[in-house]
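Every number here is computed from the coordinates shown, using simple stated rules; none is lab data. Since we're looking at a predicted model, the values are computed, not measured. We place every Cβ from the backbone using ideal geometry, glycine too, and count neighbours over all the protein chains shown.
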Amino acid sequence: MPCRGRPCRASEIGLSWTVPSVTLGELVFDYADDGPREAPVVLMLHGFPQDHTSWDVLSADLVAAGYRTIRPDQRGYSAGARPTGAQAYRLKAVVTDAFDLLDALGVERAHVVGHDWGGATAWGMASLHPERLLTLTVLSTPHPAALSRAMLRSSQGLNSWYMGLFQIPGLAERALAPGGRFWREMLRGVPPEAEQRYAANARRPGALSAMLGWYRAMPLDIARPSIEWHRISVPTLYVWGNDDPALGAAAARGSSRFVASDFAFVELMGQGHWLPERASDLVLPLVLDRLG
């Protein structure tokens, strides 16, 4: 192996290029694009407060396995895509961003992999336009309808207490100051170099408020959903760590009722929330099996 027993970076095996940005409507999105252009595409969607680099190791392994990975910095995370107001971060908007990116790159169908808020986006993509997805893989995030049910019927509401705090402009930004005590507690388990990178991104003008826009749009989507939910008809893999402090067992195990197609639920024992960074070695064979 040219990478001496560690996961290869796509650039190290000659299969990498990066397009700095793409304009979608009035917004400009940064993204990474790795692997041969003719290869099957895997769209990889990050969560809060991550960016496309959260997928670095898993992406390199997928490229080495013969796939092309497209990893955007999503709405609120790309410097040129930070609209103001909660309305701009409703689920329909971020799902549309993902499809528009595929359209801009000439990709008709893709495997979709999402984590955290990227997982919610991935569920939304599969519900809104299943014909555009080859497969769906979600890490950590239960189906949104399962999460809503669990909020009322389990301890999930207590686990999600921070979402209430995030609704308060100003107070949330002060409490969650990047690199501060609450920030470090929220990101416990993230490798230090990744945590520092995410903190640097969040310190940029307007960035943290834009990232929190996803949470502030939640009440709007609960009161009046911006997309119509259907049972998922795409072959689906859902991977959940049973030590996830934010997303509990009731929502995770209840997600199967919202999938009508081939569905695999894998519970990773002793794993927490940050599966792309901390459990890529466990996730990779599961993802390859689903993609295959």
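For Kirkwood radius over Cα pairs in Å, the value computed from the atomic coordinates appears in the list (i) 19.7; (ii) 19.0; (iii) 25.3 under label (ii). In plain terms, the chain is cut at each of the trypsin sites (Lys or Arg not before Pro) found in a DSSP loop with at most 16 other Cβ atoms within 10 Å, and the longest leftover piece is 110-187.
For segment 48-203, what is the charge dipole size about the Cα centre, in debye to the nearest 20, if Lys and Arg each add +1 at the Cβ and Asp and Glu each add -1 at the Cβ?
Values: 16 positive and 14 negative charges, 99 e Å.
The dipole magnitude comes to about 480 debye.
Loop sites only, by DSSP: take the GluC sites (Glu not before Pro) in the chain that have at most 12 other C-beta atoms within 10 Å and name the longest stretch containing none of them. Before the final figure, lay out the partial values.
Working: sites that count: GLU26, GLU38, GLU108, GLU228.
Of all site-free stretches, the longest is 109-227.
The Cβ shell under 10 Å around ARG257 holds other residues with a net charge of +3, Lys and Arg each +1, Asp and Glu each -1.
Sort VAL234, VAL57 so that the residue with the fewest other Cβ atoms within 10 Å of its own Cβ comes first and the one with the most comes last. Write out the running numbers ahead of the final one.
Details: VAL234 24, VAL57 19.
Taking fewest neighbouring Cβ atoms as first place, the list is VAL57, VAL234.
The gain in end-to-end length when the LEU134 to ALA246 segment is fully stretched comes to 37.4 nm, 0.36 nm per residue minus the alpha carbon separation. Each residue, ASP103 and ARG184, gets one label point 7 Å from its Cα in the Cβ direction; the gap between the two is 4.5 nm.
Given their separation in residues at 0.36 nm each and the Cα-Cα distance between them, GLN196 and LEU284 gain 29.2 nm when the chain is fully extended.
Provide the net charge surrounding SER127, with neighbours chosen by a C-beta distance below 15 Å and charges set as Lys +1, Arg +1, Asp -1, Glu -1. Could the numbers behind the result be given before it?
Numbers: positive: ARG90, LYS92, ARG132, ARG231, ARG257; negative: GLU131, ASP221, GLU228.
Charge balance near SER127 sits at +2.
Here's the picture: charge each Lys and Arg Cβ at +1 and each Asp and Glu Cβ at -1 in segment 10-291, and of SER148, TYR67, GLY241 the one pushed furthest to the positive end of that dipole is SER148.
By how many nm would the segment from SER261 to GLN167 lengthen if fully extended, with 0.36 nm per residue of separation less the alpha-carbon distance? Present the calculation step by step, with values, prior to reporting the outcome.
Details: separation 94, 0.36 × 94 = 33.84 nm, distance 3.52 nm.
Between SER261 and GLN167, full extension yields 30.3 nm more.
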